[in-house]
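Below you'll find the structure, written out as structure tokens, and then a few comments.
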Amino acid sequence: SVPASIAAALSTGARQGLLLKGGVVIEAAARTGVVAFDKTGTLTAGEPRVTEIVALGHDERKVVALAAAVETGSSHPLALAILARAKADGVPVRPAANAAALVGKGVTGELDGVAIFVGAPRHAKERASFDASALEAVERLETAGKTVAAVIADGALAGLIALRDEPREDAAAAIAELKALGIRSVMLTGDNARTGAAIAGSLGLEHKAELMPDDKVTAIKELAREAPVMMVGDGINDAPALAAANIGVAMGSGTDVALETADGAVLKSRVRDIAAMIRLARATMGNIR
Ligand code: ADP
Ligand code: MG
């Protein structure tokens, strides 16, 4: 019977770490035509590491000290990576005054009365001039799939910090599995276009970059005009996008927040579980029809 098939699918899923909130969600998952993935923490491990420091006018340790000062108040993955680098290098960190996050852009603060900004080069360019060699360094690092945090102190570019967040090891295989199921995959990211293209290219999916949180919602609505959309994210800063999709799936350790805002969850941080979830949903609906 229908309720028995649904109940069986829910418990089979749960045993594999695939949570679906009921029969309506199974039906929606079975109809998925497009999967939109958040990049950071979903297709990637979400644990960026500093790979390079380009000092411009200061030494490397000073660049790290300036950046770490404004990142101390932030829990953004890039902030944690910069603080970890300061610690590893034995750079003393003095917290900045008036530290504030500029969502989707970076952070600001003051150290000894000097204004500091750390964040995306495209926003940093509004605050300081980049000479040809700085522009070239940004391009080289981003083309290699790295995120660049530009460090500005007192209105001048002090340096660049390159960070790399590795794709999860099963991400490319998961995208290929979805493709075999006839499903289109799209990566959504607030990161810059070159880094987005490098990561998406290596995984074999489409992408939209430089998205602010609201832009992710708009992107989901646009995709939904073509086919039912499943959005997969960490459920924390992408809750609005999860809610805008036909079905929102949280990936990761399943925080309370994520489960509250999502229709489903995969609990093991395996991208391939998204394909497994859709196969389970399709098989269940196939049995019912
Ligand atoms: P994502 O979609 O990758 O989660 P976010 O919306 O969190 O992106 O941030 C977009 C961009 O803003 C980042 O790629 C980064 O360039 C910049 N940014 C945001 N917060 C910080 C921070 N604390 N330190 C440095 N850069 C930041
Ligand atoms: Mg994010």
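Since every read-out is calculated from the coordinates, none of them should be taken as a lab result. Being a predicted model, the structure only gives us computed values, none of them experimental. Glycine also receives a Cβ, built like all others from the backbone with ideal geometry; neighbour counts cover every protein chain displayed.
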Handout entry: Amide H partners (placed H, <5 Å) of LEU102, local residues excluded
Key = VAL107, THR108
Problem - Least to most buried among ASP165, ASP38 (fewest other Cβ within 10 Å first) - result: ASP165, ASP38
Handout entry: Cα-centre dipole for the stretch 49-164 with unit charges at Cβ (Lys and Arg positive, Asp and Glu negative), debye to 20
Key = 340
Problem - ALA180-ARG122 pseudo-label distance in nm [points 7 Å out on the Cα-to-Cβ vector] - result: 3.5
Exercise for the section: For the stretch 11-23, just list the computed ³J(HN,Hα) in residue order, Karplus coefficients 6.51, -1.76 and 1.60, θ = phi - 60°, integers in Hz, with x standing in for Gly and Pro. Expected result: 7, 4, x, 4, 4, 9, x, 10, 9, 10, 7, x, x
Completion exercise
Placing +1 on each Lys and Arg Cβ and -1 on each Asp and Glu Cβ in the chain, then taking the dipole about the Cα centre, the residue among GLY23, THR108, ALA8 whose Cα reaches farthest towards the positive end is ALA8
Handout entry: Exposure proxy ranking, count of Cβ atoms within 10 Å, fewest first, for THR42, THR108, THR143, THR189
Key = THR143, THR108, THR189, THR42
Practice task
Could you tell me how many degrees, from 0 to 90 and to the nearest 10, lie between the Cα long axis of helix 77-88 and the main elongation axis, the longest principal axis, of the Cα atoms of the chain?
Solution key: 50
Practice task
Could you tell me how many degrees, from 0 to 90 and to the nearest 10, lie between the Cα long axis of helix 132-143 and the main elongation axis, the longest principal axis, of the Cα atoms of the chain?
Solution key: 20
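If you take the beta carbon distance between LYS21 and LEU102 as r and set R0 to 51 Å, what does 1/(1 + (r/R0)^6) give as a FRET efficiency, to the nearest 0.05?
So the FRET efficiency works out to roughly 0.90.
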Practice task
Quick one: which residues, 5+ away or cross-chain, put their amide H under 5 Å from the amide H of ALA144? H built at 1.01 Å from N.
Solution key: none
Completion exercise
In deg cm²/dmol, rounded to the nearest 500, the helical mean residue ellipticity at 222 nm of the chain, built from -39500 (n - 2.57) for every DSSP H run of length 4 or more, is -13000 deg cm²/dmol
Problem - Theoretical FRET efficiency, 1/(1+(r/R0)^6), r = Cβ-Cβ of SER133 and ARG49, R0 30 Å, to 0.05 - result: 0.80
Exercise for the section: Please get the size of the charge dipole for the chain, origin at its Cα centre, with Cβ charges of +1 on Lys and Arg and -1 on Asp and Glu, quoted in debye to the nearest 20. Expected result: 900
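Provide the gained length on full extension for the span ALA243 to LYS87, in nm with one decimal, where the gain is 0.36 nm per separating residue minus the Cα-Cα distance.
Working: separation 156, 0.36 × 156 = 56.16 nm, distance 3.80 nm.
Full extension from ALA243 to LYS87 adds 52.4 nm.
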Completion exercise
If one compares the long axis through the Cα atoms of helix 193-203 with the longest principal axis of the Cα atoms of the chain, the angle in degrees, nearest 10, works out at 40
Handout entry: LYS268/ARG61 FRET efficiency (R0 30 Å; Cβ-Cβ; nearest 0.05)
Key = 0.15
Problem - Integer Hz, Karplus 6.51/-1.76/1.60 couplings in order for the stretch 93-110, x for Gly and Pro - result: 10, 9, x, 6, 7, 6, 5, 8, 8, 10, 3, x, 10, x, 9, 10, x, 9
